[in-house]
1. Just checking, which of Val300, Val325 is of a type in the set (Val, Ile, Thr), away from ligand 2 (no atom under 16 Å from the Cβ) and farther than 27 Å from Gly152 by Cβ?
2. Does region 186-212 hold any residues that are touching a helix residue (DSSP H, G or I) at 6+ places or on another chain (Cβ under 7 Å), part of a helix (DSSP H, G or I) and more than 14 Å from ligand 1 (Cβ to nearest atom), and which are they?
3. I'd like the residue in region 273-287 that is in contact with a helix residue (DSSP H, G or I) (Cβ under 8 Å, 6 or more places away or on another chain) and closer than 19 Å to Lys466 by Cα and, out of all such residues, is nearest to ligand 2 (Cβ to nearest atom).
4. Take region 213-272 and flag every residue that is outside any helix (DSSP H, G or I), polar (S, T, N, Q), within 16 Å of ligand 2 (Cβ to nearest atom) and more than 19 Å from Glu381 (Cα to Cα).
5. Which of the residues belonging to region 510-552 are farther than 24 Å from Arg436 by Cβ and charged (D, E, K, R)?
6. So, Asp479, is that one more than 30 Å from Ala127 (Cβ to Cβ) and surrounded by 22 or more Cβ atoms within 10 Å (Cβ to Cβ) or not?
7. Report those helices (runs of 4 or more DSSP H) wholly inside region 48-154 carrying at least 1 residues which are buried (at least 21 other Cβ atoms within 10 Å of the Cβ) and among the β-branched types (Val, Ile, Thr).
8. Within the bounds of region 425-446, is there any residue that is within 12 Å of ligand 1 (Cβ to nearest atom) and farther than 21 Å from Cys208 by Cα?
Amino acid sequence: MTTRLELLSDWVAEVAERTQPEQIHWCTGSKDEYDSLVQEMLGSGDLRELNQNNYPDCYLHLSDPHDVARVEHLTYVCSENELDAGPNNNWMAPAEAKKKMEGLFAGCMRGRTLYVIPYCMGPLGSAYARYGVEITDSPYVVVNMYLMTRMGQGALEEIEKKGRFIKGLHSIGELDPERRFIMHFPEELTIMSYGSGYGGNALLGKKCHALRIASYQARTEGWLAEHMLIVGVENPEGETHYLACAFPSACGKTNLAMLIPPESHKGWKVWTLGDDIAWMHLDENGHFRAINPEAGLFGVVPGTNRQTNRNAYETIQTDTIFTNVAVTADNDPWWEDKDTGEPVSDWQGRAYDPANGPAAHPNSRFTVAATHNPSYSTLAEAPEGVPISALVFGGRRAELAPLVYQAKDWAHGVLVGASVASETTAAATGEVGIVRRDPMAMKPFCGYNFADYWAHWLSFGARSDKLPKIFHVNWFRRDADGKFLWPGFGENLRVLRWIIERCEGRVDAEELPIGFLPVPADIDLTGLDVSDETLAQLLSVNREQWQVELEQIGEYLDSYGDRLPTELRAEHAKVVQALA
Ligand code: OXD
Ligand code: MN
């Protein structure tokens, strides 16, 4: 298989000339191809077989110990004009970045196979889908792309019809952190990634294409590419509302997307459409419609058990690639809080010793097809997407942010999104637990200047009067002893219900300077061990703390200088004044 599209065959030839692979493999995307790559990697030691009786078709990959997370400090947006990348991105001039990358790629595939992966982000043939081709020298990337995207022959045919695609060039190089860069050229719809095999750096369809490049494309084409899960909540009467929710990495998007209603909520159902990325367009009636560009789940493993996320737990019993988990004496995968079994060897393949830290890496991952999830929505593959009733922002905040509140209108909601801050997690290299600004949970993923991004968000206000309502949630508030006040997980449905009731105009709310808060009686606590006092604490808004927060938000927004939309500044001033 090659291609009749010259643009593609010329690019593959040019890359092969530079990288000097031993052979070129055009991926068909068939199950046979997946199986034979798995066999090859079992032979090379890239994959290890897990207990096939307990975990059929599950494999383990142990990465280089210095290649376990996204590397934001080595990730660049290389627009012609530095201001177009904005203070939110690392920037390098495109010519300089290309020169650097061409140097790294020179001869890097000697003795290796160059794989060509045509892929589709979104349901194949959907008007909202977009296409790309990743070239890589990593068979691990190929099998993960097989699970995470619609890849192979079908995608190639669409690419040939369109004559366009996002170019993504990847090599694991030497896996040397000193020779590692993830470069994006939004104006050329091109990605170059060198020196890492970790998902977020190497599966180029995900963060690089579906967020950084797509966010840039979305702005020029009038839509939104967001770091959001998509979930359907069906009430006992059979009516379903769809919500798109943006939380920073490792803040529970996968858990919320796969939520299991608690015992107290008979007749309620929750459907997963996506757990990480939403592409949203305005339809001809002025409604937001969302598709999930991905076809698989690349989720954090530790913490997953029958109580926290039964759907995920069941999803990863078969046909799953585990990366950087521990194993038991039975050769089953093991991770912290698995609630069963014990580790005998850790994520580095060493005999388990608690003195070495967690047995599974805190950012260890599962890769599995989305169709495996028992709560996968029948509409997840709908080419026209699903209508979105509410957009929900959230962060991991021990203090300050109440359990839930609603923005007063669209422009205020954009400020609420732009103000998101969260404690950092293990999903990215760096210190964990520091509060940092993560507007719309897109700090690591927006492919252009946040000031222009907020202006783009604001522009929807004038395009439709049927926009989703905007909310903010915080499942992570703690008491003075550091204990979580809210049980989270399945019980979050109680908060989603209030959100939906607000969208339907069925409940009143208390208007505060920061937004609309629930009347406590409207959060259903039936069957839950949360007292009225705790709920009051969860919904409390401390004026002094909020004044400090708004001051910090103001300083942060000011750092975007003249490009900051005046409307956003005005929204901020309104809240400051109301709080004074
Ligand atoms: C992810 C991330 O892997 O956000 O989804 O880091
Ligand atoms: Mn993510």
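The values are calculated or read from the model by the stated rules, or taken from the named source; none is laboratory data. These numbers were taken from a predicted model, which means no experiment stands behind them. Ideal geometry is used to build each Cβ from the backbone, glycine not excepted, and the neighbour counts take in all protein chains shown.
1. Working: Val300 fails: away from ligand 2 (no atom under 16 Å from the Cβ).
Step by step, each of Val300, Val325 is checked, and only Val325 is of a type in the set (Val, Ile, Thr), away from ligand 2 (no atom under 16 Å from the Cβ) and farther than 27 Å from Gly152 by Cβ.
2. Hit for region 186-212 is Pro186, nothing else.
3. Pass one, region 273-287, residues in contact with a helix residue (DSSP H, G or I) (Cβ under 8 Å, 6 or more places away or on another chain): 273-277, 279, 282.
Still in the running and closer than 19 Å to Lys466 by Cα: 279, 282.
On the way: Trp279: 14, Leu282: 24 Å.
For region 273-287, the residue satisfying everything is Trp279.
4. Taking region 213-272 first, the residues outside any helix (DSSP H, G or I) are 222-252, 258-272.
In the following step, the residues that additionally are polar (S, T, N, Q) were identified as 235, 240, 249, 264, 272.
Retained after the next criterion (residues that are within 16 Å of ligand 2 (Cβ to nearest atom)): 249, 272.
Ser249, the sole residue that qualifies.
5. Glu510, Glu511, Asp522, Asp524, Asp529, Asp532, Glu533
6. In short, no.
7. 139-148
8. No - not one qualifying residue is present in region 425-446.
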